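For reference, the structure discussed in these notes is given below.
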Amino acid sequence: MSAVSTTTDTGLGIALVTGATSGIGRATALRLARDGWEVVVHGRNAKRGAEVVREIETQGGRARFVAADLKDVAAVRNLVDQVGDIDVLVNNAGASWFGPTAALDEATFDDLFDGNVRSAYFLVAGIAPGMAKRSSGSIINLASMAGQIGLDGGAAYGATKAALSSMTRSWAAEFSPRGVRVNAVAAGPVYSASEKAPLIDRLGATTLIGRGAQVEEIAEVIAFLGSDKASYLTGATLAVDGGRTAI
Ligand SMILES: NC(=O)c1ccc[n+]([C@@H]2O[C@H](COP(=O)([O-])OP(=O)(O)OC[C@H]3O[C@@H](n4cnc5c(N)ncnc54)[C@H](OP(=O)(O)O)[C@@H]3O)[C@@H](O)[C@H]2O)c1
């Protein structure tokens, strides 16, 4: 039942958070470190990565930074080799694009699918079998309400996030009988680095709670899914969207 297997002398085990140099990923890395996980902080920006590691260490936690551009599948495989055994994998790194369908060029379309979908696929392909061998582990994929409902201008981005929810169910079917839980968080509008405040204000107003989320409100749910408190939860996509998809 335990999600712990590579237990370090200081804590629960090792968590890899992709895209932890900013936004939801950064808040998740800080939260998991506070909970006692040793955190592998992933991203591209080494300066911001070092800052997150320093912040974790200042708070008494353990972390290291690993850089990789996840649009590059060779870099994804290299990341798998570098990190070794992982107990909690948070597939958070991702990019969004909103606009008229006819205005999206092919290169950006490919970047969205390579960075949001293919990257998570091959990280799971590289890391989940080891978890299954150790009969423990938790994988959390960052989906979105954009993958659950139709948003004007969000066809391609929403499709990448719907793919993550779909893969979550299939990976649960594949790995949960061997002790690995796989879930997704379908976040609503969140104030983060990449999302412009006016867009989050506008989308936030359409939720039942009437506002966008702070990154810590999403990190809290991710940390729960990574912990043994969520021991009977797998294959689920949790809507953390202020009730937007309930209506
Ligand atoms: N904000 C929202 O409203 C919202 C809503 C629903 C779902 N989400 C999802 O939540 C996740 C985090 O979003 P956020 O708003 O927190 O984003 P953010 O603040 O822009 O941070 C994105 C993170 O992902 C990393 N990243 C992006 N593309 C990458 C690539 N190709 N290779 C390696 N790292 C890459 C960035 O690394 P560097 O900066 O180091 O390059 C950064 O750490 C995304 O998957 C997003 O789709 C966000």
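The values are calculated or read from the model by the stated rules, or taken from the named source; none is laboratory data. Computed from a prediction, not measured in an experiment: that's the story for all the values here. Cβ coordinates were reconstructed from backbone atoms using ideal geometry, including for glycine residues, and neighbour counts include every protein chain displayed. Surface accessibility is based on the protein's heavy atoms, side chains included, excluding ligands, DNA and RNA. Shrake-Rupley method; radii C 1.70, N 1.55, O 1.52, S 1.80 Å.
From the list Thr58, Thr8, Thr108, Thr101, which residue is more than 18 Å from Leu164 (Cβ to Cβ), at pLDDT below 95 and surrounded by fewer than 17 Cβ atoms within 10 Å (Cβ to Cβ)?
Selected residue: Thr8, the only one of Thr58, Thr8, Thr108, Thr101 that is more than 18 Å from Leu164 (Cβ to Cβ), at pLDDT below 95 and surrounded by fewer than 17 Cβ atoms within 10 Å (Cβ to Cβ).
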Task: Long-range neighbours under 9 Å by Cβ, at least six apart or interchain, first residue under 11 Å from Ala20 (Cα atoms) within segment 87-98, second of a type in the set (Phe, Trp, Tyr) and more than 6 Å from the ligand (Cβ to nearest atom) - done: Gly94/Tyr157
TODO: Examine segment 140-163 for a residue that is within 21 Å of Ala27 (Cβ to Cβ) and more than 10 Å from the ligand (Cβ to nearest atom), and state whether such a residue exists.
DONE: yes
Task: Within segment 170-213, tally of residues that are assigned to a loop (DSSP other than H, G, I, E, B), over 14 Å from Arg244 (Cα atoms) and touching a residue at least 40 places away in the same chain (Cβ under 8 Å) - done: 5
Open item on the list: When you check Asn183 against the structure, is it at pLDDT 95 or above, within 12 Å of the ligand (Cβ to nearest atom) and open to solvent by less than 20 Å² (accessible area, probe 1.4 Å), yes or no?
Closed with: no
Task: All helices (runs of 4 or more DSSP H) inside segment 1-116 with 1 or more residues being within 10 Å of the ligand (Cβ to nearest atom) and touching a Lys or Arg at 6+ places or on another chain (Cβ under 7 Å) - done: 46-58, 106-113
TODO: Say whether the condition of being in contact with a strand residue (DSSP E or B) (Cβ under 9 Å, 6 or more places away or on another chain), of a type in the set (D, E, K, R) and open to solvent by less than 40 Å² (accessible area, probe 1.4 Å) is met by at least one residue in segment 62-75.
DONE: no
TODO: Considering each residue of segment 132-164, count those that are buried (at least 19 other Cβ atoms within 10 Å of the Cβ) and either assigned to a loop (DSSP other than H, G, I, E, B) or not aliphatic (A, V, I, L, M) (or both), and give that number.
DONE: 12
